[in-house]
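Notes to accompany the following structure.
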Amino acid sequence: MLEKVGVEYVYENSEYRILNRNFRQEEILNISGDWSGAAYFLVAGAIAGKAIVNGLDINSKQPDKVIINILSLIGALVNIENTTSGDTISVEKHLLKPFVFDASNFPDLIPVLTILALSCTGTSEIKGIDRLINKESNRKQALFEEFTKLGGQIVIQNNSFVIAGSELRGGITSSHGDHRIAMSLAIAGLVSKTKIEIDDTACVNKSYPQFFTELYQKKELADL
């Protein structure tokens, strides 16, 4: 974004040093959507029906846009449409193949990849889960506890989740006060046999205050 308005800078030792103050005036700057948050809806489409997400940038430097590559590789129906206000991405349910993915550099995707793996036919492996220990919760333990409680077949092997495709039965769960745990459990509720209840859902306010409102709207409109 700095480069788009002509800012010159140096980034080193975790610091930005601004080299000029001659910023260009731009009438319109499109702010790219958040791929980490969008991943929940994209996965929802892949496992439960169809979802359409607007305002993303397929050329974004956000690492979590890798979710599109994962969904395409495992068999989800992915379509990308370029518009003047950003890219529109639709993902539609299809038979999903199991996958192996090293998420060491994509830790925020692991919660939603967990429900994706549970929805695949076969056994998947998500590597790099030790990075989850010191997040808003101990996400490694929280994901294991909550999804096994719902009937998910998950084994922790060293630094990986090994996850077999499972039918989730629903039940009472905890968000552990963690926005990404709450959102992944909500997406799981789209495919569980009975409803999933989640405590402390206000924690989504940290990254996506409109999450549950938009999930409900998309469910109604897209028949998830």
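The values are calculated or read from the model by the stated rules, or taken from the named source; none is laboratory data. Keep in mind it's a predicted model, so treat the numbers as computed, not measured. All Cβ positions, glycine included, derive from the backbone under ideal geometry; neighbour counts span all protein chains shown. SASA here: full protein model, heavy atoms, side chains in, ligands and nucleic acids out. Shrake-Rupley method; radii C 1.70, N 1.55, O 1.52, S 1.80 Å.
So the check is Cβ under 9 Å with 6+ separation or different chains; which pairs have a first residue in region 73-92 that's closer than 18 Å to Leu113 by Cβ and a second one that's surrounded by 12 or more Cβ atoms within 10 Å (Cβ to Cβ) and of a type in the set (Lys, Arg)?
Leu73/Lys97; Ile74/Lys97; Gly75/Lys97; Ala76/Lys93; Val91/Lys50
Test of understanding: among Leu71, Leu96, which residue is over 16 Å from the mean Cα position of the chain (by Cα) and within 18 Å of Cys120 (Cα to Cα)?
Exactly one residue qualifies, and that residue is Leu96.
Quick one: how many residues across region 120-137 are closer than 18 Å to Gly177 by Cα and either at pLDDT 95 or above or surrounded by fewer than 15 Cβ atoms within 10 Å (Cβ to Cβ) (or both)?
Summing the residues that are closer than 18 Å to Gly177 by Cα and either at pLDDT 95 or above or surrounded by fewer than 15 Cβ atoms within 10 Å (Cβ to Cβ) (or both) in region 120-137 gives 2.
Which residues, counting only those in region 13-27, are charged (D, E, K, R) and either at pLDDT below 90 or under 18 Å from Lys61 (Cα atoms) (or both)? So that I can check it myself, show each step before the final result.
Just the residues of region 13-27 that are charged (D, E, K, R), to begin with: 15, 17, 21, 24, 26-27.
Within region 13-27, Arg21, Arg24, Glu26, Glu27 qualify.
Tell me yes or no: at least one residue of region 57-65 is surrounded by 13 or more Cβ atoms within 10 Å (Cβ to Cβ) and either touching a residue at least 40 places away in the same chain (Cβ under 8 Å) or closer than 22 Å to Leu190 by Cβ (or both). Break it down stepwise before answering.
Initially, region 57-65 is screened for residues surrounded by 13 or more Cβ atoms within 10 Å (Cβ to Cβ), giving 57-58, 60, 62-65.
Subset that is either touching a residue at least 40 places away in the same chain (Cβ under 8 Å) or closer than 22 Å to Leu190 by Cβ (or both): 63-64.
Yes, because at least one residue in region 57-65 is surrounded by 13 or more Cβ atoms within 10 Å (Cβ to Cβ) and either touching a residue at least 40 places away in the same chain (Cβ under 8 Å) or closer than 22 Å to Leu190 by Cβ (or both).
Quick one: would you say Leu42 is in contact (Cβ under 8 Å) with a residue 24 or more places away in the chain, closer than 25 Å to Asp102 by Cβ and open to solvent by 70 Å² or more (accessible area, probe 1.4 Å)? Full working, then the answer.
On the way: in contact (Cβ under 8 Å) with a residue 24 or more places away in the chain: yes; closer than 25 Å to Asp102 by Cβ: yes; open to solvent by 70 Å² or more (accessible area, probe 1.4 Å): no.
When the stated conditions are applied, Leu42 does not pass them.
For Ser207, all conditions in the list (1) under 15 Å from the mean Cα position of the chain (by Cα); (2) open to solvent by less than 20 Å² (accessible area, probe 1.4 Å); (3) not charged (D, E, K, R) hold save one; what is the number of the exception?
With respect to (1) under 15 Å from the mean Cα position of the chain (by Cα); (2) open to solvent by less than 20 Å² (accessible area, probe 1.4 Å); (3) not charged (D, E, K, R), Ser207 is out only on (2).
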